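Here's the structure, in structure tokens; my notes come after.
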Amino acid sequence: MKGQIKSTSPAMQKAGTIAKYVVLSIWSIITLFPVVWVFMTAFKDNGQIFVNPFALPNPAVPSNLTEVFKAVNFGNTFLNSLIFSASTVVIILVITSMSGYYCAKLTRGMKMYSFLILGMMMPAQTILIPIFTTYVKVGMNNTRIGLILMYVGMNIAFGTFILTGFMKGVPDAVIESGVIDGASSLRAFFSLVIPMAKPGLATVGTFVFLNTWNDFLVAFIMATDVKLQTLNLACYQLRGVYSSDYGLLSAGCVVLMTPAIIIFIVFQEQVIKGLTAGAVKG
Amino acid sequence: MDYLRKKWYRSLIFVIPALVIYLIMVIIPIGQAIYYSLCDWNGISTPTFLGFENYITMFTNPDFGTVIKNTVISTILALLIQPTVALVFAFMIYRCAEKAQKVYRVLVFLPAVVAAASISLMFTLLFNSEIGPVNQILTSLGVQNPPNWLSDAKIVLYSVITPMIYQFIGYYVVILLAGMQSLPEDIFESAALDGANVVQVFWKIVVPTQAETIIMCCVLIIGGAMKAFEHSYIMTWGGPGVASSFLGVYMYNTTFQGGKFGMGSAISIVIMVLAVTFAILLKKFGRKFEY
């Protein structure tokens with residue numbers, strides 16, 4: 001077993017192991033407590049909450065959830081979040097796999113790579129004001145295209161960063177044999193290189209999707225039109241109208257959190273790889 | 001590969017889409033932001049060039065001092081708490097069986113995956129003075145006047161920092177755990193042969209080898225603190241006044257509530273400079289630890 005310290009007596013080891021699992025479990029409970037609490041509260045009405053915030057819902061009140069679906073205009077806002085996230089992912093995967101390929105294989109120096117990577121250090125706030133005011137001037141504010149372009153711009157650096165790394169791992173021999181067989185470089189790229197970079201694409205795709213789905217600031221500033229609202233934004237606005245209905249607010253949180261949690265559990269490996277890439281040496 | 005490289009113009013096709021969008025959406029706006037930061041501007045009419053006046057006004061504004069102080073406090077607290085706690089827990093998870101590792105990893109990381117907005121909403125409910133669980137627990141323990149977490153200017157900063165630290169600890173646990181997993185096992189075996197106990201293994205093996213990763217986490221923490229927005233804005237709108245504002249919130253309020261786009265740009269430039277400077281500084285500082 002990894003990290004096993006063999007120099008202590010078996011009894012001490014057993015005690016140590018048990019203690020370790022106990023502490024970790026307690027820690028996990030503490031970490032998850034707020035989330036669990038919100039899930040529980042979502043199924044209570046205000047009366048129950050006031051009486052005992054910690055009891056299990058009795059009886060469970062599903063009406064909060066149904067009301068919340070209406071209050072956040074779920075069909076519409078969910079779709080908006082989905083459109084923004086999915087479109088950004090598709091566009092990013094296409095253009096950064098290409099730029100990653102370029103940086104990894106088609107160019108000798110590191111200049112283009114370093115230039116594109118700089119974007120990772122830039123905070124969104126700095127480009128937000130200029131882009132917002134430009135959008136307003138050309139009438140692109142509150143448009144889907146405008147927002148998607150913004151999200152894409154924000155993720156180019158990261159996508160290039162990850163995919164260059166993956167592209168470097170594609171052996172030159174594969175590409176060269178494709179070219180010898182008569183494929184143009186573009187054909188070689190799409191039919192040979194892309195399949196080999198699938199893990200990288202999955203990582204970037206998942207990460208970009210979650211980031212866009214969870215975005216608040218950009219949508220808050222550039223998607224003030226009701227038709228364009230994301231789920232995130234709508235849940236935030238619940239507070240204005242329903243500020244004293246805690247059951248409903250909790251249900252809003254639940255609605256917002258659940259898709260992200262599901263995606264995370266399904267795509268765990270990709271998410272974690274995307275987030276640790278570059279942060280871990282070796 | 002040389003065949004492909006020879007026709008260099010053909011290769012360029014691959015990078016042009018990303019490059020063009022990058023130039024339009026990132027590089028040019030940064031230039032614009034720098035220009036706007038030197039102007040007085042309401043966002044609509046033509047900007048009036050002011051030189052550095054915005055910066056002077058900003059640095060002499062006492063509110064700015066409070067915001068900087070808030071940002072510094074949140075950064076220091078995050079730097080003290082997150083890496084240490086994350087390191088300890090990453091080590092504990094590392095020493096578990098593989099299946100247990102995966103389970104704990106998911107559980108601990110979950111809050112980091114969820115939107116900051118929902119964590120903020122959650123904590124708004126938790127900290128609610130009347131019916132939030134926190135005050136309920138306190139009253140049941142006999143505390144007479146539990147604090148107003150979200151409206152008392154003296155503690156509101158810490159009420160906002162709490163979800164920030166809480167949400168992302170799991171993130172650093174996962175990063176450090178991945179770093180530990182790339183360590184060769186023989187290190188631990190030879191340590192065991194030398195009679196080392198757990199604590200010694202932790203301090204003498206894990207910490208030094210993970211030093212680089214720890215530094216990286218610190219870079220990320222500082223960067224995150226500079227850009228912090230959601231928790232503060234959603235829980236308290238940065239208030240009361242600027243008591244719980246960070247640079248990002250201050251920028252938003254100045255620009256979109258106060259209509260001062262020039263000043264807002266100046267603040268955003270300050271954010272950028274700080275974020276980039278700390279990233280570069282820490283990376284250089286981290287090189288000293290490489291072994």
(message) Using a 7 Å offset from the Cα along the Cα-to-Cβ direction at both B:LEU193 and B:ILE76, what is the distance between the two label points in nm, to one decimal?
(response) 4.7 nm
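Stokes-Einstein diffusion coefficient for the protein assembly as shown at 4 °C in a medium of 1.567 mPa s, Rh from the Kirkwood formula over Cα pairs: what value in µm²/s?
My calculation gives 51 µm²/s for D.
Using the membrane-span-like helix rule (whole DSSP H runs, Cα extent along the own axis of at least 20 Å, mean Kyte-Doolittle hydropathy at least 0.5), which helices of chain B qualify? Could you put the intermediate results ahead of the total?
Numbers: long enough: B:8-22 (21 Å, 1.58); B:62-94 (47 Å, 1.43); B:98-113 (22 Å, 0.54); B:156-181 (39 Å, 1.48); B:211-227 (24 Å, 1.74); B:261-287 (39 Å, 1.62).
Sorted by number, the helices that extend far enough and score high enough are B:8-22, B:62-94, B:98-113, B:156-181, B:211-227, B:261-287.
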(request) Mind giving me the nanometre distance, one decimal, between the label points for B:PHE52 and B:LEU12, set 7 Å out from Cα along Cα→Cβ? (result) 4.0 nm
(request) Could you please put B:TRP149, B:TRP41 in sequence from largest to smallest accessible area, using a 1.4 Å probe? (result) B:TRP149, B:TRP41
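When the dipole is taken about the Cα centre of region B:62-289, and only Lys, Arg (+1) and Asp, Glu (-1) are charged at their Cβ, what size is it in debye, to the nearest 20? Kindly include the intermediate steps, with their values, before the conclusion.
Working: 13 positive and 10 negative charges, 87 e Å.
That gives region B:62-289 a dipole magnitude of about 420 debye.
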(request) Specify which residue in the list B:SER232, B:MET216, B:VAL199 is farthest towards the positive end of the charge dipole of region B:156-238, using unit charges on the beta carbon of Lys, Arg (+1) and Asp, Glu (-1), about the Cα centre. (result) B:SER232
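Using only atoms on other chains, find how many Cβ atoms lie within 10 Å of each Cβ of peptide B:120-133 and report the average. Write down the numbers at each step before the final one.
Values: counts 3, 11, 10, 2, 5, 10, 6, 0, 3, 0, 3, 8, 3, 7.
That works out to 5 on average.
For a quick protection proxy, order the peptides A:95-107, B:187-199 by their average other-Cβ count within 10 Å, most packed first. Numbers along the way, then the final one.
Values: A:95-107: 25.6, B:187-199: 14.1.
Packing order, densest peptide first, comes out as A:95-107, B:187-199.
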(request) Assuming a ≥ b ≥ c are the square roots of the Cα gyration tensor eigenvalues, decide whether region B:2-111 counts as rounded (a/c under 1.5), prolate (otherwise, with a/b larger than b/c) or oblate. (result) oblate
(message) Quick check: convex hull over the Cα atoms of region B:62-289, volume per residue in Å³, rounded to an integer?
(response) 148 Å³
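Once the other residues with Cβ under 14 Å from the Cβ of B:LEU247 are scored (Lys, Arg +1; Asp, Glu -1), what is the net sum? Please list the in-between numbers first.
Numbers: positive: B:LYS69, B:LYS227; negative: B:ASP63, B:GLU230.
Net charge in that neighbourhood comes out at 0.
Using alpha-carbon pairs under 8 Å, 6+ residues apart, how would you state the relative contact order of region A:86-225 in percent? Don't jump to the answer; show the numbers that get you there.
Working: 118 pairs, mean separation 57.2, N = 140.
The normalised contact order for region A:86-225 reaches 41 percent.
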(message) Which one, B:PRO163, B:LEU141, B:VAL67, projects farthest toward the positive side of the charge dipole computed for region B:62-289 from Cβ point charges (K/R +1, D/E -1)?
(response) B:VAL67
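Once you sort the root eigenvalues of the Cα gyration tensor of region B:163-244 as a ≥ b ≥ c, which label holds: rounded (a/c under 1.5), prolate (a/b larger than b/c) or oblate (the other case)? Each step should come with its number before you reach the end.
Working: a/c = 3.92, a/b = 3.38, b/c = 1.16.
Prolate, since a/c reaches 1.5 and a/b exceeds b/c.
Tell me, what is the percent relative contact order of region B:180-291, built from C-alpha pairs under 8 Å that lie six or more residues apart? The partial results should precede the final answer.
Working: 79 pairs, mean separation 29.9, N = 112.
Relative contact order, region B:180-291: 27 percent.
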(message) Given contacts defined as C-alpha pairs under 8 Å and at least six residues apart, what's the relative contact order of region B:62-289, whole-number percent?
(response) 28 percent
(request) Work out, step by step, the length gained on full extension between B:LYS284 and B:TYR158: first 0.36 nm times the residue separation, then minus their alpha carbon distance; give nm to one decimal. (result) 42.2 nm
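Can you tell me the FRET efficiency between A:ALA173 and A:TYR21 if r is taken as the Cβ-Cβ distance and R0 is 41 Å, rounded to the nearest 0.05?
Details: r = 48 Å, r/R0 = 1.16.
About 0.30, to the nearest 0.05.
Dipole size in debye (nearest 20) for the protein assembly as shown around its Cα centre, Lys and Arg Cβ +1, Asp and Glu Cβ -1? All intermediate terms of the calculation are to be shown ahead of the outcome.
Working: 35 positive and 23 negative charges, 232 e Å.
So the dipole magnitude of the protein assembly as shown works out to roughly 1120 debye.
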(message) Modelling each spin label as a point 7 Å along the Cα-to-Cβ direction, I'd like the B:GLU98/A:PHE69 distance in nm, to one decimal.
(response) 4.1 nm
(message) Taking the full set of protein chains and a 1.4 angstrom probe, give the accessible area of A:ILE162 in square angstrom, rounded to the nearest 10.
(response) 10 Å²
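For the peptides A:246-258, A:146-158, A:79-91, what is the packing order when you average, over each peptide's residues, the other Cβ atoms within 10 Å and list the highest mean first? Present the calculation step by step, with values, prior to reporting the outcome.
Details: A:246-258: 25.0, A:146-158: 23.3, A:79-91: 19.8.
Descending packing order for the listed peptides: A:246-258, A:146-158, A:79-91.
The values are calculated or read from the model by the stated rules, or taken from the named source; none is laboratory data. Everything numeric in this text was worked out from a predicted model, so none of it was measured. Every residue, glycine among them, receives a Cβ derived from its backbone with ideal geometry; neighbour counts consider all protein chains shown. Heavy atoms of the whole protein, side chains included, go into the accessibility calculation; ligands, DNA and RNA do not. Shrake-Rupley method; radii C 1.70, N 1.55, O 1.52, S 1.80 Å.
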